[in-house]
1. For the chain, what is the mean residue ellipticity at 222 nm derived from helices alone (per DSSP H run of n ≥ 4: -39500 (n - 2.57); sum divided by total residues; nearest 500 deg cm²/dmol)?
2. Looking at the square roots a ≥ b ≥ c of the eigenvalues of the Cα gyration tensor of region 76-116, which shape do they give, rounded for a/c under 1.5, prolate if a/b is larger than b/c, or oblate?
3. How would you classify region 1-82 from its alpha-carbon gyration tensor, with a ≥ b ≥ c the square roots of the eigenvalues: rounded for a/c under 1.5, else prolate if a/b is greater than b/c, otherwise oblate?
4. Can you tell me how region 118-171 classifies by the Cα gyration tensor, rounded, prolate or oblate, using a/c under 1.5 as the rounded cut?
5. Grab every C-alpha pair in region 193-238, bin the distances at 10 angstrom width from 0 up to the longest one, and report whole percents.
6. Treating the angle as unsigned and between 0 and 90°, give the value, to the nearest 10°, between the Cα long axis of helix 259-278 and the longest Cα principal axis of the chain.
7. Please sort by residue number the GluC sites (Glu not before Pro) in region 271-376 whose DSSP state is loop and whose Cβ has at most 16 other Cβ atoms within 10 Å.
8. Treat region 286-358 as a sphere of radius equal to its Kirkwood radius over Cα pairs and apply Stokes-Einstein at 10 °C in a medium of 1.306 mPa s; give the translational diffusion coefficient in µm²/s, rounded to a whole number.
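We did not get these values from a lab; they are worked out from the coordinates using the rules stated. Quick caveat, the model's predicted, so the values are computed rather than measured. All Cβ positions, even for glycine, are placed from backbone atoms using ideal geometry, and neighbour counts span all protein chains on display.
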Amino acid sequence: MNEIIYLDNSATTRPCARSVEAVTRSLTENWGNPSSLHRLGMEAELDVTAVREAIAKRLHCTPAEIYFTACGTESNNTALLGAAHKNRKRGKRIVSTAVEHPSVLETLKRLEAEGFEVVLLPPEKNGVVSVDALNAAITPDTILVSMMLVNNENGAIQPVADARKRIKQVGAPALLHCDAVQAFGKLPFTAEKLGADLISASGHKIHGPKGIGFLYVKKGVVLPPLLTGGGQERNMRSGTESTPLIMGLGGALADLPDLATQLTKMTELRDYAVRRLQGTGVVEINSAPESLPYILNISVPGYRSETLLHFLESRNIFVSSGSACAKGEGSYVLKACGFDRRRIDSALRISFCRDNTAEEIDRLAEALVAATQKLRKA
Ligand code: PLP
């Protein structure tokens, strides 16, 4: 009963041993400033270059197209503000979805306040924006399209490559940004296949440390930077590189299993979870079967998400209540998908990683049944 069952991997993942070792090595042995011209600086620079190359290899792009940032949020801010400001003379129409992460939605609100016209596409019931709606929204005067690859609440996979096709078809000057924070290191993709000019990712979602992310910027695209100063990251992101965290990200990358094989395993685990949880008679499934199997959104109608979360916590099982907002209005993602109040108020996000097991799912199912027996109905 002392072992924790961690099923909140979309919030953050446990840093893997290789990542922790890499951080420690950077802090204790290779702590020079990569900008220094002496040997200590050059050794730190070599470490940074190796991680940049490892990311580039995964995205099938060049290392020069990868810029380190402090997090997925910074990558999204840099991409959206940079792209909109760069293209502002060409138009003001921005197309995105209603189910983006707040780091995109709040930034789009800022751009709207600056005079940009923001169109947010609602998803279908399965969480996915229809290609027809996307095609209708992307007009020849669209200057930016921002679409996440995988939704953080229900795992829905968005048709990002279709956005690229449409941009090309209508001859729009739009840059295409993709928030791939929940996809990178889980769903195999390359920059070219995705078709995005800008791709955001974050280290702590793949068993790396918090405080490190990166932004892919396609060759030829030049954005105004968010941070100006010493000109690090080829003027895109000033500030001394966080070598320990970059190295930690490198350790996490080196430890990633083959993504396709892991995806098959996760699908088996998720399908087991769906069967097992549905079998309890108290759980309803909110994620569509075609979603990324790392994320499973469920509801236990009649019981409040937060109450359930704390009940599970008392049994050392950790899940998320989704992004229930402070006003208690419930998940805007589930709302946008058309779920009713009862379902939204009782939603839980179960998110897996490579370490989770079927036995843990059994424990979760038993605990949810116990919750419905012990807790008072809302
Ligand atoms: N985008 C998505 C889809 C996310 O799920 C998250 C974090 O949960 C972020 C962006 C922000 O990433 P970070 O925590 O690295 O700022």
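1. Numbers: 13 runs with 151 residues, N = 378.
About -12500 deg cm²/dmol.
2. Details: a/c = 1.87, a/b = 1.58, b/c = 1.18.
Here region 76-116 falls in the prolate category.
3. Details: a/c = 2.17, a/b = 1.28, b/c = 1.70.
Oblate shape, in that a/c is at least 1.5 and b/c is the bigger or equal ratio.
4. Working: a/c = 2.04, a/b = 1.95, b/c = 1.05.
Since a/c reaches 1.5 and a/b is larger than b/c, the shape of region 118-171 is classed as prolate.
5. Percent of pairs per bin, in order: 23, 45, 30, 1.
6. The helix 259-278 is inclined about 20 degrees to the chain.
7. Working: sites: GLU284, GLU290, GLU306, GLU313, GLU329, GLU359, GLU360, GLU366; in loops: GLU290, GLU329.
Counting only loop positions with at most 16 other Cβ atoms within 10 Å, the GluC sites (Glu not before Pro) in region 271-376 are GLU290, GLU329.
8. Numbers: Rh = 12.7 Å.
After rounding, the answer is 125 µm²/s.
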